[in-house]
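Structure first, commentary second.
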Amino acid sequence: MTGGYGRRVTSEEPSRWSAASSLEHRLAPVVVAVGATVLWSVGNLMAAASDLPGPQLAFWRITFGAVLYQVAFRLRGGRMAWRTLRTAMTGGLAFGLSSILFFTALQTTSVASVTIILALQPVLLLPYAVRRLGERVDGARISLMSLAILGTMVTVLAGASSGTHSVLGDVLALAGTLVGCAYFVGTKRARESLGTVEYQAAALTVGAVVALVGALVTGPGLVRPDAGDLTWALLLTIVPGTGHLMMSWAQAHLDVSTTSTITLDVVVLSSLGAVLVFGQSLVPAQVAGMAVVLLALAVYVRRTSAAALPEPAEVPIAGGD
């Protein structure tokens, strides 16, 4: 076996089989990565459609994830220690808060506005990339960053004519994106000493506590969900979570600029899905603004080194939740 693919015995000429095998190796990771963006987009629509308020939904979704990862960590022979929780604290705090903000934003304003704002995360991470990762900032990247921000402003402002648009929702989405950047930074530091399953188990546990506090503070207490609500939250854990695993596999076979560009599909797929499922409208100016943002970000991420770009996060639905 090589790279997860079986080698067949064939009478075909070696050159022809080699070409077909090479094409398979190139296409499979791309197909898997695109499939991940589809699942993330479905996750966005599920969060927007849930009857549970954003903070309540965030609590149950993260709690399910925490239980699953804790069980997986335990089955691998691990034991959760205070040191591990402390190391994952920053990422976990940001994880829980960004989930509350993002889920609430999806239920408050249009899906198009939320996803286009979230797509700016690589741009918002630029200061960290420059100071901590030694990234260089040239005139082209600054121009692309400015163009992406301008396109986002056009998209959001043009959406004001839609009945589903809300300034409060846009502010929540921006706040969630900024907190999502903190999650990336915290995750990058914690992963220097923690494994993937260990970190996710710890960060989700901390995030569940944060989401619980958010649910208690913003409502009359923790809502007792019915079986339908719990099923919805569980699906919201499994569907985008599967997308995260798929993208993690694809990243091992593709360069970061390719996966980051593919991730931008979430903006298009989520927005079109909202039009079809919820009847949310997209005016021509919004479509034009989104096209500008996607084009600018696609070129931007291809000019950015792998170290400066975040991997798809588990909850900031930067790829979908």
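The values are calculated or read from the model by the stated rules, or taken from the named source; none is laboratory data. Given the structure is predicted, the values throughout are model-derived calculations rather than measurements. A quick note on method: Cβ atoms are made from the backbone with ideal geometry, for glycine too, and the neighbour counts reach across all protein chains shown.
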Can you tell me which residue within the stretch 63-98, out of those that are without any contact (Cβ under 8 Å) to a residue 12 or more places away in the chain, of a type in the set (A, V, I, L, M) and assigned to a helix (DSSP H, G or I), is surrounded by the most Cβ atoms within 10 Å (Cβ to Cβ)?
VAL67
Which condition from (1) more than 29 Å from THR261 (Cβ to Cβ); (2) touching a Leu at 6+ places or on another chain (Cβ under 7 Å) is the one that GLY77 breaks?
(2)
Just to be sure I understand the filter: pairs with C-beta atoms under 6 Å, separated by 6 or more residues or on different chains, first member in the stretch 37-53 and closer than 14 Å to LEU230 by Cα, second member at pLDDT 90 or above. Which pairs pass?
MET46/LEU236; ALA47/PHE103; ALA47/LEU106; SER50/LEU57
Name the residue, out of VAL123, VAL130, that is at pLDDT below 90, in contact with a helix residue (DSSP H, G or I) (Cβ under 7 Å, 6 or more places away or on another chain) and hydrophobic (A, V, I, L, M, F, W, C).
VAL123
Taking only pairs six or more apart or across chains, which ones have beta-carbon atoms under 6 Å, a first residue in the stretch 201-225 that is touching a residue at least 60 places away in the same chain (Cβ under 8 Å) and within 17 Å of PHE184 (Cα to Cα), and a second residue that is in a helix (DSSP H, G or I) and among the polar types (S, T, N, Q)?
ALA201/GLN70; ALA202/THR84
Quick check on THR187: is it polar (S, T, N, Q), in contact with a Gly (Cβ under 6 Å, 6 or more places away or on another chain) and within 22 Å of ARG132 (Cα to Cα)?
yes
Unmet criterion (only one of (1) surrounded by fewer than 24 Cβ atoms within 10 Å (Cβ to Cβ); (2) of a type in the set (A, V, I, L, M, F, W, C); (3) more than 18 Å from THR263 (Cα to Cα)) for ALA201
(1)
Which of the residues that make up the stretch 99-139 are in a helix (DSSP H, G or I), farther than 23 Å from PHE278 by Cβ and not β-branched (Val, Ile, Thr)?
GLN121, PRO122, LEU124, LEU126, PRO127, TYR128, ALA129, ARG131, ARG132, GLY139
